[in-house]
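Before any comments, here is the structure.
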Amino acid sequence: MEIQLSQAASANPEIRIGKLSKPQRTTDTVTALLHMQKMIGAKNFAVFRIRGQGLPSARRLACALSNWADQAEHQACSLLEEYGAGLITHLEASTLPVVWEGAETDRGQAAEIPLFTERFTSQRYPVSGIAFPVRLGSGGNGFVVFTGDLLDLGDDVVLDMHMRATQVMIELLGADEKRMLPAEALNDREIACLQMAGDGCISETIAEKMGLSVHTVNAYLGTATAKLDAVNRIQAIAKAIRLGYIR
């Protein structure tokens, strides 16, 4: 797969935000992306998420967050129109980053950095763009992309960036789930019970620590599970962690 991308960075990049909830969460995510951008000397970032379900032909990549200027954003849309299907196919088959060269040639050959299969000790990758695939299940799949005139990526940096890219996608997925929750939020006792359950405490231990009956603790855990639209206590704990209710 060949990818052509002309760089048009802005000195004062405009942050473009898709449908994200919680301004503070959005601000934190943008701050994390700007830090990652600085780490590798990139000029711009973008987060693309897969929309649609079913066959690959029914899915597409949509830009959820970026600091591309108007011209570069238009070029990014053109890129997705031509190569979006290929990127979706790549995401289904591999979680290896895709890199491309475009600063010195009209067309650059996309390649994979063989992370997790081979460890490099000194080789570096002079590229102008890198896309980190992230797979988190329904609603949480996509790419975190960084572009610049020339990115100098070492293997350790790429691995660290990929982990950070995954965290960015987790935060965006959590924002989506937070927005879709019922209006009634978890109360303090529901949160406390979930936190202790997440720490490995059984209902009897939680009841003893909180001075409640086991029946009451189970009731709190039950209502918390229902509010989080979870199928069981384990899934409720996982969702509560993602949404920032507990740690």
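Values in this text are rule-based calculations from the coordinates and carry no lab data. Fair warning: this is a prediction, and the values are worked out from it, not measured in the lab. All Cβ positions, glycine included, derive from the backbone under ideal geometry; neighbour counts span all protein chains shown.
Quick notes on this one:
- Overall Cα dimensions of segment 188-242 - principal axes, largest extent first, Å: 27, 18, 18
- Karplus (6.51, -1.76, 1.60) ³J(HN,Hα), θ = phi - 60°, over segment 209-219, in Hz, Gly and Pro reported as x: 5, 9, x, 10, 7, 4, 4, 5, 4, 5, 5
- Ranked by the mean number of other Cβ atoms within 10 Å of their residues, highest first, the peptides 92-99, 220-227 fall in the order 220-227, 92-99.
- Amide H partners (placed H, <5 Å) of ASN141, local residues excluded: ILE50, LEU136
- Proximal charge balance of GLY129 [Cβ under 11 Å; K/R count +1, D/E count -1]: -1
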